[in-house]
1. Sort through 113, 124 and tell me the only one that's modelled with pLDDT of 95 or more, out of contact with any Phe, Trp or Tyr (no Cβ under 9 Å at 6 or more places or on another chain) and surrounded by 14 or more Cβ atoms within 10 Å (Cβ to Cβ).
2. Could you check segment 33-51 and list, in sequence order, the residues that are open to solvent by 50 Å² or more (accessible area, probe 1.4 Å) and in a strand (DSSP E or B)?
3. Given the criterion out of contact with any helix residue (DSSP H, G or I) (no Cβ under 6 Å at 6 or more places or on another chain), surrounded by 16 or more Cβ atoms within 10 Å (Cβ to Cβ), of a type outside the set (Ser, Thr, Tyr) and closer than 15 Å to residue 150 by Cβ, identify the matching residue among 30, 65.
4. Kindly indicate the residue of segment 10-27 that is closer than 20 Å to residue 121 by Cβ and in contact with a strand residue (DSSP E or B) (Cβ under 9 Å, 6 or more places away or on another chain) and also most open to solvent (accessible area, probe 1.4 Å) among those meeting that condition.
5. Restricting the search to segment 95-110, which residues are open to solvent by 20 Å² or more (accessible area, probe 1.4 Å), within 7 Å of the ligand (Cβ to nearest atom) and of a type outside the set (Gly, Ala, Ser)?
6. What number goes with the only condition from (1) over 23 Å from residue 30 (Cα atoms); (2) modelled with pLDDT of 95 or more that residue 102 does not pass?
7. When the residues of segment 37-66 are narrowed to those that are without any contact (Cβ under 8 Å) to a residue 24 or more places away in the chain and closer than 19 Å to residue 15 by Cβ, which ends up farthest from the ligand (Cβ to nearest atom)?
8. Of everything in segment 72-84, what is under 15 Å from the mean Cα position of the chain (by Cα), of a type outside the set (Gly, Ala, Ser) and within 10 Å of the ligand (Cβ to nearest atom)? Give them in sequence order.
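The values are calculated or read from the model by the stated rules, or taken from the named source; none is laboratory data. Predicted model, so just to flag it, every value in this text is computed and none were measured. Using ideal geometry, Cβ is built from the backbone for each residue, glycine included, and neighbour counts are taken over all protein chains shown. Just the protein is used for accessible areas: all its heavy atoms, side chains included, with ligands, DNA and RNA removed. Shrake-Rupley method; radii C 1.70, N 1.55, O 1.52, S 1.80 Å.
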Amino acid sequence: MKTKKESYELVLKQVEAILSDETDLIANLANVSALLKTTFHFFWVGFYWVKNNELVLGPFQGPVACTRITKGKGVCGFTWVNEETSIVPDVSKFEGHIACSPHSKSEIVVPLIHQNTVVGVLDIDSDELDAFDSLDRYYLEKICQLLILQSLI
Ligand code: SME
């Protein structure tokens, strides 16, 4: 059984492999969400993209989710405005949390930043409380940086 760090190191290599011969953004977001979901068995993994000053649902793995999020709303909208990763150990304690599923208990949202502007977010929900820590933040931020560097947007 691998440690979480070992799993992330492997995931990082797989992300690099996925991105090495493909520059299409949607294809890369789709494969990265599948890789994270199948490796860590998170409840929901997906991307929201900034379009016309709203976050719009992009490639994801997991149950059906809300399609549009207003700037500043929910953990995703908060992360967009704040331009920093949000870790929410208990979503019921986050004022304004948007509950797409009653099974989501904790959440991490990482901004995707291109030319100093947030262009989207990676959102991951767990069905366990307090599922995310600084290790998740470190590797997920690295993955988001690679996605932006390697994909044409
Ligand atoms: N919980 C998010 C909404 C998106 S779903 O979790 C997939 C939020 O509060 O922004």
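1. Details: 124 fails: out of contact with any Phe, Trp or Tyr (no Cβ under 9 Å at 6 or more places or on another chain).
The match here is 113.
2. 51
3. 30
4. So, considering only residues that are closer than 20 Å to residue 121 by Cβ and in contact with a strand residue (DSSP E or B) (Cβ under 9 Å, 6 or more places away or on another chain), the one most open to solvent (accessible area, probe 1.4 Å) is 26.
5. 97, 98, 100
6. (2)
7. So, considering only residues that are without any contact (Cβ under 8 Å) to a residue 24 or more places away in the chain and closer than 19 Å to residue 15 by Cβ, the one farthest from the ligand (Cβ to nearest atom) is 38.
8. 75, 76, 78, 79, 80 - these are the residues of segment 72-84 that are under 15 Å from the mean Cα position of the chain (by Cα), of a type outside the set (Gly, Ala, Ser) and within 10 Å of the ligand (Cβ to nearest atom).
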